[in-house]
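Asker: One structure, as structure tokens, below. Some questions next.
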């Protein structure tokens, strides 16, 4: 058969490395589309002049654009028959990506666990994004529930890999050149708050809301060459329990990150992804809001220019965040769709 | 508080200059998106070969793209708590902008006038767009009705600035290099009509109509990093008198300008904005039409290559313009949404 | 009159050549938008590194992007008053187009035939796309039913031009440089199947479906500067027999081509268009599926690197293609919207 129906759970082997298709050159077209899709305003990614003044050779591509492109490559091989994207861990941005760079990706299968219903299993992969020189630019673990092709099939070997709760701060910052913080212009960046102005426990309601349209998430998801059917096929979706297209979870992450500018304007670089959970699906017509909590602040060895903030950003739908909806004893508050834990870098 | 709730009327002081956040490098991605959003067909902006032949060093960015990006920067500081964008005056395009240039913006508060209801006031600002060399590329005055934070607050000083009815033709053209009009190819440009073919009083129905979608105006408005909530938050909008998202007025201006190609194909450069009024709101699903009247034709001192036409373009919704709907004694005809007065340059 | 109402049937003369307006520089912004609109994943167009490794000087623009831009230029002069776009023939891609190239277009009228109802006629044109050096990059014939302006008008001369059923394989390949097939990486390209793996008669269901939104086809059609009213004016459309905007037929071709990646991943270059028929209209909200049949496989003289496959791709709406819906004795199966016959190049 010439077409690719996607792998089922029993088709994965622990230890194998899958090289993914379709390398992709990131261009100024992609970064402009990223701005149009999310309205991101972080100055380093927005302006050559700002990036150049503080020490970048050029304005880098948004970190999450890099994440989505790398993620997209893994979809045909990893998650075409996925029931759900369950989680992320140990995500690290390792080198900056500039327009003109070409990204490719590989995934190593690092864990497999059949579910008790025998119809699905969980696949753990470590996905790496590489640039045209073969240098890693991003690495992360995700695990995903995948259908079995035959109920009788068994995995060769089962194993749940150990995963860190959070990325060690000491490993952060390799995708960020030395920053000349004397050249960092707060007015141009959008806010005066630097590393020392944030304290663990602080909560920030990002105030703004953005309604999502079918055309927007489809444009975004295709830009990432992500082929998961659930995002595009409204005819097939009409027969599912949701009755409609599901929005790519990464679209929610980027919306939340863009909203977080209002309160975190100087947090210019996502350095690591500690974990993330798509709590509930988002559909076209819903309005997304977000709030963040500062979980930790960390010095980086040898870096007097920047510090790291560990942030938990909660995104909701049709529910403003003035009351900081989150996780309660019995589960998540109504309206919560994303619980995202990550490290950002911010000038001192 | 880390988040920016926006300024209220009493927070402005006459004479202060506000430096706006997020400089923005204009790229070929932005110009491609601008084409996709409006379908603009002016040859100078569309083709390197055409621009180069007539004397431009490169194809410039569309003037209104520059306007929207500069305008967008001013929104968080000026109009986040605006009730209405009331008018524009004395807008002048001062230098061409090419892909690769980085735009930033400042606004000087030049007037304040509290409204008699004591709940709002009018703020007058002169906004300047600057390129990466600090050279002004655009300057315009706008005034906007802004909510007060406290009803008891009074402005330090009130003053309504004098504003010109129209920009003097003698000041036009600094954003336009010398044009080699022998190299101007009417067939490629789309029409044979030059400066001398238009006469004051002439009316042109631009014929075409374009229906606007939520995804389109949101993509556009985010591309300009304009953060006004009313354009994006459908959940909050459902509780307002309109019950839905409002479309950024600048989106209408760009739609009308693109429609005006059919009748004004050689009017390649918007040199000045004399005034503009958003007569009624536009919503997704509405269809925009436009017509124009030539108000004046002016020679430019020292320029044998080009002349200036002062044009009034009226845009309507769900109302074709064969009957030239406009302003009557008692107000505007039904369907009128924009009344825009500007100077264009056109080869002789 | 300054506005262009478009030509009617009686305004065309056999033998005349029309130079079309608005040359257009193709940029990285256009190619990024093309990816966002269709999700195309062919590696040659997606990655500089892949294109460079096999012998291209740079990643070329997608062939159908070139087609749409050239087609768009012809619309104001040829088909503004068209009732229907009837067919294509003898389409050949003659030179690669890279970001930075500027496209312009001309059309030669090669045939005219009045319809028996005396209200319309068929106009045959050979349209050529040229780059900034005047080199042809694309040439194709299309014929279109055009309204008459006056029922009494008669064409000067009538003639139906002879047209080939298919482009001769010997003429294919001029838009494709010599390919170093040792450097062709199947894993990166997305599939192992090369020229020799396909056989005439083989049918491939491309599996995936994609729902189309109004904003998407409007953005695409404007990107191509195609001004046909039926795609944009929802207000006028509400009074037609369809009651809504029609989607540009070329949008369907590009959707089908992108879907065909799943089964034809190495078929990297559309070399020729033998014919095409828009069987039924597509509307926003419909979901497009596609399947292909290999009609022929041909060696190319002097090319040991690549071969040509003649492919017929059928696109449907709201009808998955597992049963290969197509043309029956009495016409097309329900749901068929496109019947497209073309040559692709594929490495050996």
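Just so you know, all these numbers are worked out from the coordinates, no wet-lab data involved. None of these values were measured; they are calculated from a predicted model. Cβ: placed from backbone, ideal geometry, glycine included. Neighbour counts: every protein chain shown.
Asker: Using Cα pairs under 8 angstrom and six or more residues apart, how large is the relative contact order of the stretch B:114-247, in percent? Write down the numbers at each step before the final one.
Answerer: Numbers: 83 pairs, mean separation 17.7, N = 134.
Reported relative contact order: 13 percent.
Asker: Sticking with this structure for a sec: Give the relative contact order (percent, whole number) for chain B; include only Cα pairs under 8 Å separated by 6+ residues.
Answerer: 20
Asker: Once you have the alpha carbon radius of gyration of the stretch A:43-169, what is it after dividing by 2.2 N^0.38 Å, with N set to its residue count?
Answerer: 1.27
Asker: For chain A, what does the alpha-carbon gyration tensor say about shape, rounded, prolate or oblate, given a ≥ b ≥ c as the root eigenvalues, a/c under 1.5 as rounded, and a/b over b/c as prolate?
Answerer: In terms of gyration-tensor shape, prolate.
Asker: Another question, if that's okay. Please express the Cα-Cα pair-distance distribution P(r) of the stretch C:24-85 as a list of whole percents, one per 10 Å bin, running from 0 to the bin with the greatest distance.
Answerer: 19, 43, 25, 11, 2
Asker: Fewest first, what order do C:232, C:12 take by the number of other Cβ atoms within 10 Å? Write down the numbers at each step before the final one.
Answerer: Values: C:232 28, C:12 22.
Taking fewest neighbouring Cβ atoms as first place, the list is C:12, C:232.
Asker: Using a/c under 1.5 as the rounded threshold, could you call the stretch B:199-348 rounded, prolate or oblate? The axes a ≥ b ≥ c are square roots of the C-alpha gyration tensor eigenvalues, and prolate needs a/b larger than b/c, oblate otherwise.
Answerer: Judged from the Cα gyration tensor, the stretch B:199-348 comes out prolate (a/c at least 1.5, a/b above b/c).
Asker: If I take every Cα pair under 8 Å that is 6 or more residues apart in the stretch C:3-63, average their sequence separation and divide by the length, what percent do I get for the relative contact order?
Answerer: In percent, rounded to a whole number, it is 19.
Asker: Continuing with this model, one more query. Give the percent of DSSP beta bridges with both residues in the stretch B:268-333 that are antiparallel, rounded to the nearest 5. Can you show the working numbers first?
Answerer: Working: 14 of 14 bridges.
Percentage antiparallel, nearest 5: 100.
Asker: Select from A:230, A:167, A:122 the residue whose mean-square fluctuation is largest in a Gaussian network model of chain A (Cα-Cα springs shorter than 10 Å).
Answerer: A:230
Asker: Across peptide C:37-44, what mean number of C-beta atoms from other chains lies inside 10 Å of a residue's C-beta?
Answerer: Mean number of neighbouring Cβ atoms from other chains: 5.
Asker: With springs connecting C-alpha atoms under 10 Å apart, model chain B as a Gaussian network and identify which of B:332, B:34, B:98 has the largest mean-square fluctuation.
Answerer: In this elastic network of chain B, the residue with the biggest mean-square fluctuation among B:332, B:34, B:98 is B:332.
Asker: Now for a separate question. Just the projected area, averaged over all directions, of the convex hull on the alpha carbon atoms of the stretch B:76-137: how many nm²?
Answerer: The orientation-averaged projected area of the Cα hull of the stretch B:76-137 comes to 5.2 nm².
Asker: Is the shape of the protein assembly as shown best called rounded, prolate or oblate, per the rule: a/c under 1.5 gives rounded, else a/b larger than b/c gives prolate, else oblate, with a ≥ b ≥ c the square roots of the Cα gyration tensor eigenvalues?
Answerer: Since a/c reaches 1.5 but b/c is at least a/b, the shape of the protein assembly as shown is classed as oblate.
Asker: Using mean Cβ contacts within 10 Å as the protection proxy, how do C:197-203, B:58-64, A:241-247 order, highest first?
Answerer: Going by the mean number of other Cβ atoms within 10 Å, highest first, we get B:58-64, A:241-247, C:197-203.
Asker: Still on this structure: Considering only C-alpha atoms, what is the centroid distance from the stretch B:243-268 to the stretch A:90-108, in Å?
Answerer: 39
Asker: Taking the 0 to 90 degree range and rounding to the nearest ten, how far is the long axis of helix B:28-38 tilted relative to the main principal axis of chain B, both from C-alpha atoms?
Answerer: The two axes meet at around 90 degrees.
Asker: Can you give the mean number of other chain Cβ atoms that lie within 10 Å of the Cβ atoms in peptide C:202-208? Working shown, then result.
Answerer: Details: counts 1, 1, 3, 3, 2, 8, 8.
Across the residues of C:202-208, the mean count of other-chain Cβ atoms within 10 Å is 4.
Asker: Let me know the mean shielding of C:237-245 by other chains, meaning the per-residue number of their Cβ atoms within 10 Å of its Cβ.
Answerer: 1
Asker: Which whole-angstrom value gives the distance between the alpha carbon centres of the stretch B:192-231 and the stretch A:270-348?
Answerer: That distance is 38 Å.
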